[in-house]
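This report concerns only the one structure given below.
The values are calculated or read from the model by the stated rules, or taken from the named source; none is laboratory data. The model shown is predicted, which means the values in this text are computed figures rather than measured ones. Ideal geometry is used to build each Cβ from the backbone, glycine not excepted, and the neighbour counts take in all protein chains shown.
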Amino acid sequence: MHTIHNFSLKILNERGTKTIDQVLQENRHITSELFFAPSIWDLHDPFLLPDMDRAVERILRAREKKERIIVFWDYDVDGVSGTALLFRYLQEIGCEVSYRLPHRVHDGYGLKEYFFDAMKEKWVTLVVTVDCGTRDVAPVRYAKTLGIDVIVTDHHAVPTDIPEDVIAIINPKRSDSTYPFRDLAGAGVALKLVHAIVERITPEKREKILSEYIDFASLGTVSDCMPLIDENRTIVTLGLHQMGNSRSHGLRKFLTGKEKSLRDSDVIGFQIGPRINAAGRMDTPLTALHWLLASDERSDNFFSELEHLNESRREVTERYFHDALDAIDTESPILFYDSENLEHGVIGLVAGRLTEMYGKPAIVMKNGDEHPLANRKGYDTVSNISPVAPHGALSIGSCRSPEWCNIIEMLESCKDLLIRYGWHRQAAGFTIETEKIPLLKARLSDVFCTHHDAERLPLRTRKVECTLDVAEDFTLENIGVIDRFRPFGIGNEKPLFLLQDETILSVETFGKEGQHLRFRLARNPEIQCIAWGWGKWWKRECDVSLTKGDIISLIIELEENEWNGKKTVNGIVRDCVV
């Protein structure tokens, strides 16, 4: 057996006489037709989230007294979109509100005491965070001494020690939460805060108001790789529907002519999200926020800047990825790469590329000289981890891991070496004194080897819904069935199917430079199975030559194709077994 990519195959459903519709519903454990028609009324009661009552009361009191409110946010898509949502709504209900953001390089992640010093000078009395703040114990306590209240809205893992002086910590991952869904994005939690305020002051306008803001929440939900189930499915389905009519001039203009792409979350994950992220990675996330909030006249200028930053992000990532390939030890169970020449904004992208290529955890670190925060007030207390202020060179690390490895638990075992750390199971980050990197590498390697066999690492699992009959199942009717389950994404993956032990009728390259591969199969010569981008790669690297009469198994997606007014069904090849 020869697999084009190393993977283990799992067939989710034996199918038998079941229809494709029945298979997909069984595999997704769908028990109600409501799955196919989500509405605003499906959103859970926001007051089931801890501290929501206190947060709403404090915000409405600030509105009444004309207090100055700051929305403080993270610099990724989740933080940017959640801030656009919350800022715009608070402004519309009459709050005196502005925003403050950290800079990835100059400020790092999360709240700092010096932020509050600056806010105090501007008479700010209330700060509402988006997508951050749960771990920032000392800065929140410090804010209290200045007369500044803090409301945290966040979705990251909750530590044992959480701020006691905070007005509210709205986080569905709190151990005392009775909220029925834990996997909201940061922008999703921001939407729930708006939802709660609407319920308190204008419940009769619930559907209208939430519909107008839900597209912003969908941006963060998809870009932060949250599962598209339960409430997230409602947010993303309705968000995509709203996006073509978004109140954001920038979003509307970008999507003009792309209406068909709004059927799926890919338009966020591969088009909108990377452009917003590029701002925070390469410069300032303010550019992305301004694009979402800008007037019709100004949105083009901000979008041009985003395009420039996104192109720069691509080029820089590609360069550093190839540098990493030359430097890493590919035999190591964990792929480590650290360099002074890296840029902070792309280390996570490089780590992700390494994990995708090798199927192993990857940790990429930007080493530096004296960190700009090292002697700034509040940096020595930004975390509940290290009580000692860093005075030497620091390194910023970004981690990615395959589905079978929990990288945040591994970092937890090394917390005595770290200044701070956080995020999620398969994507995490940390700050460490550079001189401690050898200790960190040794410790993480030891921890990894206690839980995994370094000589036999798990393979990536390719899950297919069921096998298809190439002679009977390539129908437009089945395309319509699959479309019912959109939008696809994490937790509701685009369906993959298996064509098992089919006889090749022909295999050929096509495209201007022969960059693509086309299979035709003996039992249904009319259909095409297309492997985009496989042509040159197959000739150069694959040690299996395919000819007429060979037996092959293909993992495919079904896709509608229209040419000269005629609609047909193609198989899009994602992997194969020879």
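Among residues of the range 70-94 being out of contact with any Phe, Trp or Tyr (no Cβ under 9 Å at 6 or more places or on another chain) and not in a helix (DSSP H, G or I), the one that is surrounded by the most Cβ atoms within 10 Å (Cβ to Cβ) is 76.
Filtering the range 116-133 to residues that are on the phi < 0 side of the Ramachandran plot, surrounded by fewer than 23 Cβ atoms within 10 Å (Cβ to Cβ) and not in a strand (DSSP E or B) leaves 117, 118, 119, 120, 121, 122. Within the range 131-182, the set of residues being in contact with a Phe, Trp or Tyr (Cβ under 8 Å, 6 or more places away or on another chain), small (Gly, Ala, Ser) and farther than 18 Å from residue 422 by Cα comprises just one member, 143.
Counting only residues that are assigned to a loop (DSSP other than H, G, I, E, B), closer than 17 Å to residue 129 by Cβ and in contact (Cβ under 8 Å) with a residue 40 or more places away in the chain, which one in the range 167-176 is farthest from the chain's Cα centre (by Cα)? Reasoning before the result, please.
Here is the first cut: in the range 167-176, the residues assigned to a loop (DSSP other than H, G, I, E, B) are 167, 171-176.
With closer than 17 Å to residue 129 by Cβ added as a condition, the list becomes 167, 171-174.
Retained after the next criterion (residues that are in contact (Cβ under 8 Å) with a residue 40 or more places away in the chain): 167, 171-172, 174.
Details: 167: 28, 171: 18, 172: 17, 174: 21 Å.
Filtering the range 167-176 for residues that are assigned to a loop (DSSP other than H, G, I, E, B), closer than 17 Å to residue 129 by Cβ and in contact (Cβ under 8 Å) with a residue 40 or more places away in the chain, the one farthest from the chain's Cα centre (by Cα) comes out as 167.
Residues considered: 269, 188. Of these, the only one that is in a helix (DSSP H, G or I) and touching a His at 6+ places or on another chain (Cβ under 9 Å) is 188.
Which is touching a helix residue (DSSP H, G or I) at 6+ places or on another chain (Cβ under 9 Å) and either surrounded by 21 or more Cβ atoms within 10 Å (Cβ to Cβ) or farther than 24 Å from residue 290 by Cα (or both), of 245, 232?
Values: 245 fails: either surrounded by 21 or more Cβ atoms within 10 Å (Cβ to Cβ) or farther than 24 Å from residue 290 by Cα (or both).
On inspection, the qualifying residue turns out to be 232.
Is it the case, given these coordinates, that residue 407 is hydrophobic (A, V, I, L, M, F, W, C) and either at pLDDT 90 or above or over 22 Å from residue 107 (Cβ atoms) (or both)? If you could, list the steps in order and put the result at the bottom.
Working: hydrophobic (A, V, I, L, M, F, W, C): yes; either at pLDDT 90 or above or over 22 Å from residue 107 (Cβ atoms) (or both): yes.
Considered against the rule, which asks whether it is hydrophobic (A, V, I, L, M, F, W, C) and either at pLDDT 90 or above or over 22 Å from residue 107 (Cβ atoms) (or both), residue 407 comes out as yes.
Sort out which residues of the range 233-267 are among the β-branched types (Val, Ile, Thr) and more than 18 Å from the chain's Cα centre (by Cα), and write them in order of number. Step through it out loud before you land on a result.
Of all residues in the range 233-267, those among the β-branched types (Val, Ile, Thr) come to 234-237, 256, 267.
Answer for the range 233-267, where residues must be among the β-branched types (Val, Ile, Thr) and more than 18 Å from the chain's Cα centre (by Cα): just 256.
Considering only residues of the range 316-332 that are crowded, with 16+ Cβ neighbours inside 10 Å and more than 12 Å from residue 353 (Cα to Cα), which is farthest from the chain's Cα centre (by Cα)? Residue satisfying both the conditions and the ranking: 328.
Filter the range 501-515 for residues that are surrounded by fewer than 18 Cβ atoms within 10 Å (Cβ to Cβ) and either modelled with pLDDT of 95 or more or not in a loop (DSSP other than H, G, I, E, B) (or both) and give the result. Can you show your working first?
Let us first name the residues in the range 501-515 that are surrounded by fewer than 18 Cβ atoms within 10 Å (Cβ to Cβ), namely 501, 503, 505-506, 508-515.
Residues satisfying the conditions are 501, 503, 505, 506, 508, 509, 510.
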